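Here the structure is laid out as structure tokens; the discussion comes afterwards.
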Amino acid sequence: QVCRSKLHRLKVTHVNPVGNDALVIDERILELAGISDGLMVQFTNVTNGALRRVRVEASSQEERGVGFVAVYGSAARYFNPDDLIVVLGESWMPMDEAAEFGMPTTLFFRHDGLYPNQIENVEPNNL
């Protein structure tokens, strides 16, 4: 198991305990991080230490570029709007491929201004 990408200090904007467990993230953020729709991710609530593992979904086109991050289903019981989370995108691959994969892409976020989850810095694979 390899960490493909990391979203550091992403801010939760919505929670909804209804529906299947999922983490819905702004499509633009997922594209930059190299996280595909349906990938299993592990995410930790920096605010209270809760750890969950769910599938990730891209937000709708209307929410693209505004920093939308929502937690759905039973996972929503452990998260509140404005909580900071760390998201790790995971992949299973043989050890030889993992060695060639290199370091994961890491996106860092800041939360000032009108929109949450503005990308502050990107550290791409294989620096």
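The values are calculated or read from the model by the stated rules, or taken from the named source; none is laboratory data. Being a predicted model, the structure only gives us computed values, none of them experimental. No Cβ is skipped: glycine too gets one built from the backbone with ideal geometry, and neighbour counts run over all protein chains shown. What goes into the accessible areas is simple: the full protein's heavy atoms, side chains included, and nothing from ligands, DNA or RNA. Shrake-Rupley method; radii C 1.70, N 1.55, O 1.52, S 1.80 Å.
Compute the signed sum of charges (Lys and Arg +1, Asp and Glu -1) over the other residues within less than 11 Å, Cβ to Cβ, of R28.
In short, -3.
For E57, what charge total do you get from the other residues with a beta carbon under 12 Å from its beta carbon, if Lys and Arg give +1 and Asp and Glu give -1?
For residues surrounding E57, the net value is -4.
Modelling each spin label as a point 7 Å along the Cα-to-Cβ direction, I'd like the L32/H14 distance in nm, to one decimal.
According to this spin-label approximation, the distance is 2.0 nm.
Can you compute the modelled spin-label distance between R55 and R77, with each label point 7 Å from Cα toward Cβ, in nm?
Reported label-point gap for R55 and R77 is 2.2 nm.
Could you work out what % of the accessible surface of region 1-102 is carbon and sulfur, using a 1.4 angstrom probe and leaving DNA, RNA and ligands out of the count?
49 percent
Extension gain M95-N48, at 0.36 nm per residue separation less the Cα-Cα distance, in nm?
13.6 nm
Mind ranking 64-70, 6-12 by how tightly packed they are, going by the mean number of other C-beta atoms within 10 angstrom, highest first?
Descending mean neighbour count gives 6-12, 64-70.
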